[in-house]
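As C-alpha cells, the structure follows; a few thoughts come after it.
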Amino acid sequence: MILDCVKIVSEMKRQRLTSMDLANKAMCGLSTVQSARNERSISTNSARRLAAALGVPLDELIESEV
C-alpha cells in the first residue's frame with residue numbers, strides 16, 4: 001500500500017513528530033516510516049498503525065491515483 005507522503009509529512013509537522021517519534025508511537029520500524037514518507041509500498045497493517053498513531057483515518061493517507 002502506498003501512502004501520500006505530503007499528507008504524512010504535513011501531519012507529522014502539525015504534531016511535531018520526528019520519523020523516530022512516529023515509528024515508536026506506531027510500534028513499527030524507522031524504515032517503515034521512511035518508506036511511507038518516500039512513497040514506497042508498505043504493508044496494510046503498517047499503514048493502519050501509522051494512521052492510528054497520527055490519529056487520522058487510513059483513507060485520508062492513501063495516495064489517490066490521478
*So how far apart, in nm, are the two label points at Glu63 and Arg48 if each is 7 Å from Cα heading toward Cβ?*
2.2
_I'd like the carbon and sulfur percentage of the solvent accessible area for the chain, probe radius 1.4 Å, heavy atoms only, ligands and nucleic acids excluded._
49
*Out of residues 5 or more away from Ile62 or on other chains, whose amide H comes under 5 Å of its own, with H placed 1.01 Å from N in the peptide plane?*
Asp4
*asked:* Spelling out what I want: for every residue of the stretch 15-20, take phi, set θ = phi - 60°, compute 6.51 cos²θ - 1.76 cosθ + 1.60 (Karplus), and round to whole Hz; glycine and proline get x.
replied: 8, 6, 10, 7, 4, 5
*Note the listed values (1) 71; (2) 100; (3) 90, then indicate which one is volume of the Cα convex hull per residue in Å³ calculated from this particular structure.*
(1)
*Backbone HN-Hα couplings from phi across the stretch 55-62 [Karplus 6.51/-1.76/1.60, Hz, Gly and Pro as x]*: x, 10, x, 4, 4, 6, 9, 5
*Rounded to the nearest 500, what is the 222 nm mean residue ellipticity of the chain from helices alone, with -39500 (n - 2.57) per DSSP H run of 4+ residues and division by all residues?*
-17000 deg cm²/dmol
*Where in the chain lies the longest segment free of trypsin sites (Lys or Arg not before Pro) that are both loop residues by DSSP (not H, G, I, E, B) and have at most 14 other Cβ atoms within 10 Å?*
41-66
_1.4 Å probe accessible area per residue over the chain, in Å²_ = 63
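The values are calculated or read from the model by the stated rules, or taken from the named source; none is laboratory data. For clarity, every value in this text was computed on a predicted model and none was experimentally measured. We place every Cβ from the backbone using ideal geometry, glycine too, and count neighbours over all the protein chains shown. Just so you know, the surface numbers come from the protein's heavy atoms only, side chains and all, with ligands and any DNA or RNA stripped out. Shrake-Rupley method; radii C 1.70, N 1.55, O 1.52, S 1.80 Å.
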